[in-house]
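Comments concern the structure below.
The values are calculated or read from the model by the stated rules, or taken from the named source; none is laboratory data. All values reported here derive from a predicted model rather than from experimental measurement. With ideal geometry, Cβ positions are generated from the backbone for all residues, glycine too; neighbour counts draw on all protein chains shown.
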């Protein structure tokens, strides 16, 4: 970690030492270190900048919270990979990753035919007690686990869905097998902490930050999919373009639809 200690010093003054050190580390991370680079240990940084290890721990903790650093248990602290933008439009995970130049892979965690919870029955337009297909998958890019998907599909519209190769692009198979090309979706986004099971699947610590997307998708007004996806917060960010309403048209100029 090439830091010029002559130019970057932590000194007594009105700015807390942990804040000074945080900005020194930020400049180095953003200007010199590629993603995945290790940073010196707390002890080394404390000696280099003549501060306490508590000061170092506070500075690093803030940078971890900001997503610039990531901790690997038993290995150390590393510069984080750059977050990918989750664009808000209808595109399969497979197509999205290929567009970014990454190799997508999918692990099927299970598909069963069950009675969904009431919100899903309503979303899919199913009567009380009707069954739907419940699909669970783990999505990776270049071998890195990025998202866990747990969703429901209208069984009568995708009859025989368990016979599909669910390790491949589902949207492509819905189009090829059933003639279903999803043309509309309503998506809700929120933040959540990873529970033990989701953390295990994604290879992160329990309690880590996640971006969660619930997407109800349809074709020509007929709902087909009610999917919730948990994305790693250290790998993703959401970007939207918002423009002022056009008072003449009465239409908001927000761009995008779903993932």
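Of note:
- Residues located in segment 55-70, provided they are touching a residue at least 12 places away in the same chain (Cβ under 8 Å) and either part of a helix (DSSP H, G or I) or loosely packed, with under 15 Cβ neighbours inside 10 Å (or both): 55, 56, 57, 58, 59, 60, 62, 63, 64
- Given (1) buried (at least 19 other Cβ atoms within 10 Å of the Cβ); (2) in contact with a strand residue (DSSP E or B) (Cβ under 6 Å, 6 or more places away or on another chain), number of the condition residue 174 does not satisfy: (2)
- Residues within segment 4-48 that are touching a residue at least 12 places away in the same chain (Cβ under 8 Å) and in a loop (DSSP other than H, G, I, E, B), tallied: 13
- Test: residue in segment 86-101 that is surrounded by 14 or more Cβ atoms within 10 Å (Cβ to Cβ) and at pLDDT 80 or above: no
- If you filter segment 133-160 down to residues that are over 30 Å from residue 234 (Cβ atoms) and within 26 Å of the chain's Cα centre (by Cα), you find that the one that is surrounded by the fewest Cβ atoms within 10 Å (Cβ to Cβ) is 133.
- Condition check for residue 51: in a loop (DSSP other than H, G, I, E, B), surrounded by 17 or more Cβ atoms within 10 Å (Cβ to Cβ), at pLDDT 90 or above and not assigned by TED's automatic domain parsing to the domain that holds residue 182: yes
- Yes/no for residue 176 being free of Cβ contacts under 8 Å to residues at least 40 places away in the same chain and over 23 Å from residue 122 (Cβ atoms): yes
- For segment 16-32, the set of residues classified as surrounded by fewer than 18 Cβ atoms within 10 Å (Cβ to Cβ) and at pLDDT below 90 consists of 26, 27, 30, 31, 32, listed by residue number.
- From the options 195, 165, residue that is free of Cβ contacts under 8 Å to residues at least 60 places away in the same chain, loosely packed, with under 15 Cβ neighbours inside 10 Å and within 23 Å of residue 103 (Cβ to Cβ): 165
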